[in-house]
Amino acid sequence: MYELLATLKGARNAVISTSFSPQARFIAAIGYGGISVWDLETYKNLPISSDNVYNHRNPDNVYTACAWLHFEQADCYVLIIGSQKGTLSTLNWDNETKVPSNLVFKSHEGSPHQVLSIDIYQAEVPLGRLARIAVATADNRATVYSLSPFGDLQEIFSSVVENFSLVAARFCKKNRDVYVFELNGGGISLLDAKTGNVKSTHKYGPDPMGTVCLDDSSKFFVACTGKDFEMFRLENIEHVQTFSGELPIVLFPKVATYAEDGSVLVVGTDRGHASIFNVSDGDKIQDLPYTTTGLVQSVAAITARDGFLVAIAGSTLHSRAEVLIFKKSHASLDKPENTATNLPSPGRSIRYYLFMAVGLYLLFHGLLSTVLVCTTWVRCFAFWVYRFL
């Protein structure tokens with residue numbers, strides 16, 4: 001079971017999105033109160049440059065989506081952040097100096113419409129590779145960028161999906177194509193990784209889809225449909241599982257995310273807790289209580305070296321926001337030795353002794369043959385030595 005590990009303070013007002021960095025080094029929380037980042041080794045709130053001025057009335061400072069990535073070559077962590085006004089920004093952490101002031105705020109030109117979702121193709125960017133970032137905006141546009149360790153952001157394609165009320169864009173982890181999901185109408189389209197052209201479209205998805213998450217295999221997706229969370233197979237939009245929640249107090253989309261290597265689903269609620277479900281049968285495993293507000297919209301999860309971590313955060317504009325970290329230790333893979341079950345059965349004992357006897361016979365026979373052959377050669381050698389001497 002998950003247990004409370006830490007309560008992180010410092011975020012202001014509603015938290016809309018939370019994200020763990022690769023290796024569980026940092027966690028970020030963004031929303032109406034700006035940007036907050038904590039170091040998960042010390043649980044300290046890291047200072048961010050003065051450009052991040054808090055003003056919830058300014059859409060430039062209301063942040064709606066975020067995601068972390070890590071460049072292995074430069075050992076650099078980057079937080080990608082989208083705003084209500086449509087700006088796409090990066091926060092960089094240089095892991096060599098370990099200095100919080102190295103968090104740098106940079107803005108990039110993009111769509112002038114609200115960022116709805118951000119997805120990363122590879123959170124751990126291998127040596128010599130560029131990061132890929134998929135961004136969905138409120139003008140029904142899906143944009144894919146590349147990002148270098150030096151902050152060079154380049155657009156790969158930007159595609160408006162016609163007759164589509166876009167809610168999220170997610171990478172297919174098999175081939176870098178991009179799935180886009182429709183808020184109302186049940187539409188799901190697949191965009192080509194290089195051009196953004198539509199490769200296929202389904203109109204049989206759930207309606208509505210408030211938020212959408214994919215599993216790591218890109219075989220399944222889960223959508224918030226109001227009361228429940230529904231899981232479908234992406235290939236043919238076959239319904240797989242329903243994760244039933246309590247009747248919502250407000251029709252507000254809650255976030256869901258896969259955890260524990262895809263075996264469980266963590267979802268937000270507006271009942272003062274997040275919930276964890278078993279993916280295989282849809283049964284609820286545990287509720288994770290929140291400390292203040294009833295609306296727990298944002299959840300995040302990651303597999304760390306010493307356990308599974310889950311973060312939850314509240315989303316009420318005029319109450320303090322805290323990020324709660326829960327931890328569950330890895331299950332032991334070593335089964336305890338049971339001497340009763342490890343005893344050999346009678347049939348096994350007979351085979352064991354039979355093989356032992358045959359093995360000893362062959363070993364003895366082989367040694368005897370070797371000795372006889374060697375004896376013959378020794379006699380021949382002695383005969384010829386005696387003859388010539």
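Going through (1) part of a loop (DSSP other than H, G, I, E, B); (2) within 22 Å of the chain's Cα centre (by Cα); (3) surrounded by 14 or more Cβ atoms within 10 Å (Cβ to Cβ) one by one, residue 320 falls short only on (2).
Restrict the check to region 147-164 and report whether at least one residue is in the same structural domain as residue 90 (by TED's automatic domain parsing), within 26 Å of residue 299 (Cα to Cα) and surrounded by fewer than 21 Cβ atoms within 10 Å (Cβ to Cβ).
Step one: list which residues in region 147-164 are in the same structural domain as residue 90 (by TED's automatic domain parsing), which gives 147-164.
Those left that are additionally within 26 Å of residue 299 (Cα to Cα): 147.
With the extra rule that they be surrounded by fewer than 21 Cβ atoms within 10 Å (Cβ to Cβ), the set shrinks to none.
Checking region 147-164: not a single residue is in the same structural domain as residue 90 (by TED's automatic domain parsing), within 26 Å of residue 299 (Cα to Cα) and surrounded by fewer than 21 Cβ atoms within 10 Å (Cβ to Cβ).
For region 73-95, a tally of residues being among the aromatic types (Phe, Trp, Tyr) and modelled with pLDDT of 90 or more returns 1.
Candidates 257, 201, 225: the one that is hydroxyl-bearing (Ser, Thr, Tyr) and either at pLDDT 95 or above or not assigned by TED's automatic domain parsing to the domain that holds residue 143 (or both) is 257.
Restricting to region 223-238, give me the number of residues that are closer than 13 Å to residue 181 by Cα and either among the charged types (D, E, K, R) or within 14 Å of the chain's Cα centre (by Cα) (or both).
Here is the first cut: in region 223-238, the residues closer than 13 Å to residue 181 by Cα are 223-225, 232, 234, 237.
From what's left, either among the charged types (D, E, K, R) or within 14 Å of the chain's Cα centre (by Cα) (or both): none.
Total satisfying the criteria: 0.
Any residue in region 60-72 that is of a type in the set (Val, Ile, Thr), part of a strand (DSSP E or B) and at pLDDT 95 or above? Within region 60-72, not a single residue is of a type in the set (Val, Ile, Thr), part of a strand (DSSP E or B) and at pLDDT 95 or above. Restricting to region 190-224, name every residue that is surrounded by fewer than 18 Cβ atoms within 10 Å (Cβ to Cβ) and in a loop (DSSP other than H, G, I, E, B). Selection gives 192, 194, 195, 197, 203, 204, 207, 216, 217, 218, 219. Of all residues assigned to region 168-179, none qualifies as being crowded, with 18+ Cβ neighbours inside 10 Å, at pLDDT below 95 and of a type outside the set (Phe, Trp, Tyr).
The values are calculated or read from the model by the stated rules, or taken from the named source; none is laboratory data. Since the model is a prediction, treat every value here as computed from it, not as a measurement. Every residue, glycine as well, gets a Cβ built from its backbone with ideal geometry; the counts of neighbours run over all protein chains shown.
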